[in-house]
Amino acid sequence: MSISTAQYIYSEIENDILMLKLKPGQLVSENSLCTRYNVSRTPIRSALSRLAGSGLVDIVPKSGTRVSMINMEIVKQIIYERFALESMVLKDFIAIATEGDIKKIEKSVIRLTKSYENTKNFKPDKFKETDLSMHELWYKKTGHTYLWEQIRKSDSNYTRFCMLDMLECKNYEQVILEHKQMYEMIKNRDTSKIEEIVKKHLYGGIERVNAALSNKFDEMFIAY
C-alpha cells in the first residue's frame, strides 16, 4: 500500500465530510470508494480508520461505515468559547487599531459583499474564508495568533455546523450585515456594543439551523 495514496484518499474524504458533500449519518461504501479511486480495499480501510480516529466516521462491525453525526453539545461549547474570546480580542483590537487597520477591515467587508454579489462564480467555501479573514485581522493585530490557529483547527462538529448554516439556511446576507455592524463598531471605537453584536453573530446559527432542520435532527445530530 502506498502511504501517499492512503493520505490522499483520507484528505479527499475528510474534505467531502467537512464540506457536507457526505452528510452526517450517510453510509460510506468501501466498494464505491474503491471504484472512485481505482484502488484496493487496503488504502480505503486505512483512510477510513484514520477518519474514525478523527471522529469523522463511525465504523460499526457487520453494519458498515457512516459519517458521524454532529454533536450539538460540543458545538454549543465551542460557540461559548468563541464568544468569550472574540469579545475580549475585539476590545483589545479597538484599543490599538490604527486607521490603516480599520481600512483593512473595511476592505474585508467589501470583499465579502462582492463575493456574494458575484452569483455566477459564487463559492460558499470561498465566502467562508473571506468571512474568517476579517476575524483573523484582529486576532493577529492583538498578538493572539496561537488562539486564532486553534480556532482554525476547530472541532469537526463546529466546522460542519457552520457549513450547514451556510448551505441549508443561506445565511450569507445575515453574515454580511453582521460584519458591516462589526466594522462600524470598530470604526467608531464603540466597545459598548461588542457583546451584543458578537453574540448575535456567533449564536445566530443555532436559531437558523433549529428552524431549518428541526425535522432532520434525528438523522444529523446527537445530544441536541
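The values are calculated or read from the model by the stated rules, or taken from the named source; none is laboratory data. Values in this document were obtained by computation on a predicted structure and should not be read as measured data. In this analysis, Cβ positions are derived from the backbone assuming ideal geometry, glycine residues included, and neighbour counts consider all displayed protein chains. The protein model used for the area step is the full one, side chains on, heavy atoms only, and it has no ligands, DNA or RNA in it. Shrake-Rupley method; radii C 1.70, N 1.55, O 1.52, S 1.80 Å.
Residues of the range 141-170 that are outside any helix (DSSP H, G or I) and within 19 Å of Ala84 (Cβ to Cβ): Thr142, Gly143, His144, Lys153, Ser154, Asp155.
Note on the range 153-212: residues that are surrounded by 20 or more Cβ atoms within 10 Å (Cβ to Cβ) and among the basic types (Lys, Arg) total 1. Applying a threshold of 6 Å to beta carbon distances and a minimum spacing of six or more residues, or different chains, the list of pairs starting in the range 173-191 at a residue that is over 17 Å from Ser108 (Cβ atoms) and ending at one that is open to solvent by less than 60 Å² (accessible area, probe 1.4 Å) reads Arg189/Ile94; Thr191/Ile94. On inspection, Thr119 passes the criterion of being under 25 Å from Ile17 (Cα atoms) and more than 14 Å from the chain's Cα centre (by Cα). Restricting the range 31-59 to residues that are among the charged types (D, E, K, R) and closer than 16 Å to Ser11 by Cα, which is least open to solvent (accessible area, probe 1.4 Å)? The extreme case among them is Arg50. Looking at the range 58-77, is at least one residue farther than 26 Å from Asp155 by Cα and within 23 Å of the chain's Cα centre (by Cα)? No; the residues of the range 58-77 include none that is farther than 26 Å from Asp155 by Cα and within 23 Å of the chain's Cα centre (by Cα).
Glu73 meets the conditions (1) within 29 Å of Leu147 (Cβ to Cβ); (2) not in a helix (DSSP H, G or I) in every case but one. The failed one is (2).
Would you confirm whether or not the range 145-163 contains a residue that is more than 28 Å from Gln26 (Cβ to Cβ), modelled with pLDDT of 95 or more and not aliphatic (A, V, I, L, M)? So far as the range 145-163 goes, yes, one or more of its residues are more than 28 Å from Gln26 (Cβ to Cβ), modelled with pLDDT of 95 or more and not aliphatic (A, V, I, L, M). Within the option set Ser11, Ser4, Ser54, Ser49, being out of contact with any helix residue (DSSP H, G or I) (no Cβ under 8 Å at 6 or more places or on another chain) and closer than 25 Å to Pro124 by Cα holds for one residue only, Ser11.
Go through Ala97, Ala6, Ala84 for me and flag whichever is at pLDDT below 95 and aliphatic (A, V, I, L, M). Among Ala97, Ala6, Ala84, only Ala6 is at pLDDT below 95 and aliphatic (A, V, I, L, M). Please verify whether Leu202 is among the aliphatic types (A, V, I, L, M) and either free of Cβ contacts under 8 Å to residues at least 12 places away in the same chain or part of a loop (DSSP other than H, G, I, E, B) (or both), treating the condition exactly as stated. No, not satisfied. Could you list all residues from the range 96-140 that are open to solvent by less than 30 Å² (accessible area, probe 1.4 Å), more than 12 Å from Tyr172 (Cβ to Cβ), in a helix (DSSP H, G or I) and among the hydrophobic types (A, V, I, L, M, F, W, C)? Those that are open to solvent by less than 30 Å² (accessible area, probe 1.4 Å), more than 12 Å from Tyr172 (Cβ to Cβ), in a helix (DSSP H, G or I) and among the hydrophobic types (A, V, I, L, M, F, W, C): Ile102, Ile105, Val109, Leu132, Met134, Trp138. Restricting attention to the range 153-172, the residues that are among the aromatic types (Phe, Trp, Tyr) and either in contact (Cβ under 8 Å) with a residue 60 or more places away in the chain or within 26 Å of Ala52 (Cβ to Cβ) (or both) total 2. Restricting attention to the range 79-95 and to residues that are aliphatic (A, V, I, L, M) and either touching a strand residue (DSSP E or B) at 6+ places or on another chain (Cβ under 6 Å) or over 25 Å from Phe161 (Cα atoms) (or both), the residue that is surrounded by the most Cβ atoms within 10 Å (Cβ to Cβ) turns out to be Ile94.
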